[in-house]
1. Scan the range 154-189 residue by residue and report those that are over 20 Å from the mean Cα position of the chain (by Cα) and part of a strand (DSSP E or B).
2. Can you name the residue in the range 127-143 that is outside any helix (DSSP H, G or I) and in contact with a helix residue (DSSP H, G or I) (Cβ under 7 Å, 6 or more places away or on another chain) and is also farthest from residue 179 (Cα to Cα) among such residues?
3. Can you report the number of residues in the range 101-120 which are in contact with a strand residue (DSSP E or B) (Cβ under 8 Å, 6 or more places away or on another chain) and farther than 18 Å from residue 62 by Cβ?
4. Among the residues of the range 144-167, are any farther than 24 Å from residue 56 by Cα, modelled with pLDDT under 95 and surrounded by fewer than 18 Cβ atoms within 10 Å (Cβ to Cβ)?
5. Please go through the range 144-153 and pick out each residue that is out of contact with any helix residue (DSSP H, G or I) (no Cβ under 6 Å at 6 or more places or on another chain) and touching a residue at least 40 places away in the same chain (Cβ under 8 Å).
6. Between a residue in the range 59-86 that is on the phi > 0 side of the Ramachandran plot and any residue that is buried (at least 24 other Cβ atoms within 10 Å of the Cβ) and assigned to a helix (DSSP H, G or I), which pairs come within a Cβ distance under 7 Å, given they are 6 or more apart or on different chains?
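The values are calculated or read from the model by the stated rules, or taken from the named source; none is laboratory data. Remember, it's a predicted structure, so these values are computed and weren't measured experimentally. Ideal geometry is used to build each Cβ from the backbone, glycine not excepted, and the neighbour counts take in all protein chains shown.
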(Lines give C-alpha, C1' and ligand atoms only; values in the text may rest on other atoms or scores of the structure.)
Protein backbone atom coordinates (compact mmCIF):
# COMPACT_ATOMS: atom_id res chain seq x y z
CA UNK A 1 0.00 0.00 0.00
CA UNK A 2 1.38 3.40 -0.99
CA UNK A 3 1.01 6.30 1.36
CA UNK A 4 0.04 9.69 0.04
CA UNK A 5 2.56 12.49 0.40
CA UNK A 6 0.41 14.20 3.05
CA UNK A 7 -0.05 11.04 5.12
CA UNK A 8 3.70 10.34 4.88
CA UNK A 9 4.45 13.83 6.22
CA UNK A 10 1.96 13.36 9.05
CA UNK A 11 3.42 9.94 9.88
CA UNK A 12 6.96 11.39 10.01
CA UNK A 13 5.75 14.26 12.21
CA UNK A 14 3.95 11.89 14.61
CA UNK A 15 6.95 9.58 14.81
CA UNK A 16 9.49 12.40 15.31
CA UNK A 17 7.55 15.46 16.58
CA UNK A 18 10.51 17.40 17.98
CA UNK A 19 12.74 16.83 14.95
CA UNK A 20 9.86 17.55 12.54
CA UNK A 21 9.14 20.81 14.36
CA UNK A 22 12.83 21.77 14.11
CA UNK A 23 12.78 20.94 10.39
CA UNK A 24 9.62 22.98 9.77
CA UNK A 25 8.62 24.63 6.51
CA UNK A 26 10.91 26.95 4.62
CA UNK A 27 10.23 30.63 5.33
CA UNK A 28 12.11 33.58 3.90
CA UNK A 29 14.93 34.36 6.33
CA UNK A 30 13.70 31.71 8.80
CA UNK A 31 15.85 29.71 11.19
CA UNK A 32 14.35 26.20 11.07
CA UNK A 33 16.27 23.52 9.14
CA UNK A 34 14.20 23.85 5.95
CA UNK A 35 14.64 27.62 5.99
CA UNK A 36 18.39 27.38 6.63
CA UNK A 37 18.87 24.94 3.71
CA UNK A 38 16.83 27.26 1.48
CA UNK A 39 18.70 30.38 2.68
CA UNK A 40 22.06 28.81 1.81
CA UNK A 41 20.74 27.68 -1.58
CA UNK A 42 19.37 31.08 -2.53
CA UNK A 43 22.44 32.99 -1.39
CA UNK A 44 24.92 30.64 -3.08
CA UNK A 45 23.34 31.53 -6.45
CA UNK A 46 23.27 27.99 -7.84
CA UNK A 47 21.68 27.44 -11.25
CA UNK A 48 18.00 27.10 -12.00
CA UNK A 49 16.81 24.54 -14.55
CA UNK A 50 15.01 25.56 -17.72
CA UNK A 51 12.39 23.34 -19.31
CA UNK A 52 10.70 24.70 -22.43
CA UNK A 53 12.24 28.11 -21.62
CA UNK A 54 10.57 28.20 -18.20
CA UNK A 55 12.81 28.73 -15.14
CA UNK A 56 12.22 25.97 -12.58
CA UNK A 57 13.70 24.85 -9.28
CA UNK A 58 12.65 21.24 -9.89
CA UNK A 59 15.53 19.11 -11.11
CA UNK A 60 17.99 22.01 -10.89
CA UNK A 61 21.39 22.43 -9.24
CA UNK A 62 19.57 24.57 -6.66
CA UNK A 63 17.16 21.76 -5.82
CA UNK A 64 19.94 19.16 -5.74
CA UNK A 65 22.04 21.22 -3.33
CA UNK A 66 19.08 22.18 -1.13
CA UNK A 67 17.96 18.58 -0.65
CA UNK A 68 21.45 17.25 0.05
CA UNK A 69 22.09 20.06 2.56
CA UNK A 70 18.64 19.71 4.16
CA UNK A 71 19.14 15.98 4.76
CA UNK A 72 22.75 16.43 5.90
CA UNK A 73 21.65 18.90 8.59
CA UNK A 74 18.84 16.61 9.79
CA UNK A 75 21.08 13.51 9.81
CA UNK A 76 23.90 15.37 11.56
CA UNK A 77 21.57 16.54 14.34
CA UNK A 78 19.00 13.73 14.60
CA UNK A 79 20.45 10.63 12.92
CA UNK A 80 19.75 8.40 9.95
CA UNK A 81 16.26 7.12 10.72
CA UNK A 82 14.83 10.55 11.51
CA UNK A 83 16.36 12.07 8.36
CA UNK A 84 15.12 9.13 6.26
CA UNK A 85 11.56 9.31 7.62
CA UNK A 86 11.36 13.07 7.11
CA UNK A 87 12.95 12.88 3.65
CA UNK A 88 10.61 10.08 2.55
CA UNK A 89 7.65 12.00 3.94
CA UNK A 90 8.55 14.99 1.79
CA UNK A 91 8.69 13.31 -1.62
CA UNK A 92 5.86 11.43 -3.28
CA UNK A 93 5.79 8.13 -5.13
CA UNK A 94 9.05 6.81 -3.76
CA UNK A 95 7.97 3.29 -4.70
CA UNK A 96 8.16 4.05 -8.42
CA UNK A 97 11.73 5.28 -8.23
CA UNK A 98 12.97 2.27 -10.19
CA UNK A 99 11.23 3.21 -13.46
CA UNK A 100 13.11 6.02 -15.22
CA UNK A 101 12.71 7.73 -17.63
CA UNK A 102 9.72 9.64 -16.36
CA UNK A 103 6.85 11.13 -18.33
CA UNK A 104 6.65 14.18 -16.06
CA UNK A 105 9.07 16.54 -14.35
CA UNK A 106 7.50 16.07 -10.91
CA UNK A 107 8.24 12.32 -10.83
CA UNK A 108 11.79 12.73 -12.14
CA UNK A 109 12.38 15.49 -9.57
CA UNK A 110 11.08 13.30 -6.72
CA UNK A 111 13.49 10.55 -7.81
CA UNK A 112 16.44 12.98 -8.00
CA UNK A 113 15.51 14.47 -4.62
CA UNK A 114 15.49 11.03 -2.99
CA UNK A 115 18.94 10.26 -4.42
CA UNK A 116 20.28 13.62 -3.22
CA UNK A 117 18.68 12.99 0.17
CA UNK A 118 20.70 9.76 0.43
CA UNK A 119 23.93 11.61 -0.40
CA UNK A 120 23.10 14.32 2.13
CA UNK A 121 22.31 11.80 4.86
CA UNK A 122 25.71 10.19 4.30
CA UNK A 123 27.45 13.54 4.69
CA UNK A 124 25.46 14.31 7.85
CA UNK A 125 26.10 10.91 9.41
CA UNK A 126 29.82 11.23 8.79
CA UNK A 127 29.81 14.67 10.44
CA UNK A 128 27.54 14.55 13.48
CA UNK A 129 26.89 17.91 15.09
CA UNK A 130 28.62 19.82 12.28
CA UNK A 131 27.38 23.36 11.77
CA UNK A 132 25.12 24.19 8.80
CA UNK A 133 27.92 26.17 7.14
CA UNK A 134 30.36 23.28 7.57
CA UNK A 135 27.80 20.93 6.04
CA UNK A 136 27.11 23.38 3.21
CA UNK A 137 30.84 23.36 2.40
CA UNK A 138 30.89 19.55 2.44
CA UNK A 139 27.84 19.35 0.16
CA UNK A 140 29.46 21.85 -2.24
CA UNK A 141 32.64 19.74 -2.18
CA UNK A 142 30.61 16.61 -3.00
CA UNK A 143 28.71 18.44 -5.75
CA UNK A 144 31.94 19.64 -7.35
CA UNK A 145 33.97 16.44 -6.92
CA UNK A 146 31.42 13.66 -7.50
CA UNK A 147 28.17 15.35 -8.46
CA UNK A 148 24.56 15.45 -7.31
CA UNK A 149 21.48 14.35 -9.23
CA UNK A 150 19.65 16.73 -11.56
CA UNK A 151 16.90 16.26 -14.14
CA UNK A 152 17.19 16.61 -17.90
CA UNK A 153 14.46 16.71 -20.50
CA UNK A 154 14.98 14.11 -23.21
CA UNK A 155 14.30 14.66 -26.91
CA UNK A 156 11.17 12.48 -26.70
CA UNK A 157 9.73 14.74 -23.97
CA UNK A 158 10.42 12.34 -21.11
CA UNK A 159 12.66 13.28 -18.18
CA UNK A 160 15.85 11.57 -17.07
CA UNK A 161 17.99 11.85 -13.96
CA UNK A 162 21.75 12.23 -14.14
CA UNK A 163 24.78 13.05 -12.03
CA UNK A 164 25.85 16.66 -12.53
CA UNK A 165 29.11 18.06 -11.23
CA UNK A 166 29.34 21.68 -10.20
CA UNK A 167 31.85 23.45 -12.45
CA UNK A 168 35.04 24.82 -10.90
CA UNK A 169 33.89 28.35 -11.70
CA UNK A 170 30.50 27.84 -9.99
CA UNK A 171 32.14 26.01 -7.07
CA UNK A 172 34.71 28.77 -6.48
CA UNK A 173 31.99 31.43 -6.69
CA UNK A 174 29.76 29.56 -4.21
CA UNK A 175 32.66 29.04 -1.77
CA UNK A 176 33.41 32.77 -1.91
CA UNK A 177 29.80 33.55 -1.00
CA UNK A 178 29.65 30.79 1.64
CA UNK A 179 32.45 32.52 3.55
CA UNK A 180 30.19 35.59 3.90
CA UNK A 181 27.16 33.70 5.26
CA UNK A 182 26.18 33.06 8.86
CA UNK A 183 24.89 29.76 10.27
CA UNK A 184 21.37 30.54 9.04
CA UNK A 185 22.65 30.89 5.48
CA UNK A 186 22.10 34.64 5.52
CA UNK A 187 24.58 37.35 4.58
CA UNK A 188 26.46 38.71 7.59
CA UNK A 189 25.77 42.39 8.11
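1. 187
2. Restricting attention to the range 127-143, the residues satisfying the condition of being outside any helix (DSSP H, G or I) are 127-131.
Restricting the remaining residues to those that are in contact with a helix residue (DSSP H, G or I) (Cβ under 7 Å, 6 or more places away or on another chain) gives 127-130.
Numbers: 127: 19, 128: 21, 129: 19, 130: 16 Å.
Ranking the candidates gives 128 first.
3. Residues in the range 101-120 being in contact with a strand residue (DSSP E or B) (Cβ under 8 Å, 6 or more places away or on another chain) and farther than 18 Å from residue 62 by Cβ: 5 in total.
4. Taking the range 144-167 and keeping what is farther than 24 Å from residue 56 by Cα, we get 145.
From the residues that got through so far, the ones that are modelled with pLDDT under 95 too are none.
Within the range 144-167, none of the residues are farther than 24 Å from residue 56 by Cα, modelled with pLDDT under 95 and surrounded by fewer than 18 Cβ atoms within 10 Å (Cβ to Cβ).
5. Kept after step one, since they are out of contact with any helix residue (DSSP H, G or I) (no Cβ under 6 Å at 6 or more places or on another chain), are these residues of the range 144-153: 145-147, 152-153.
Scanning the range 144-153 gives 152, 153.
6. 59/108; 59/109; 59/112
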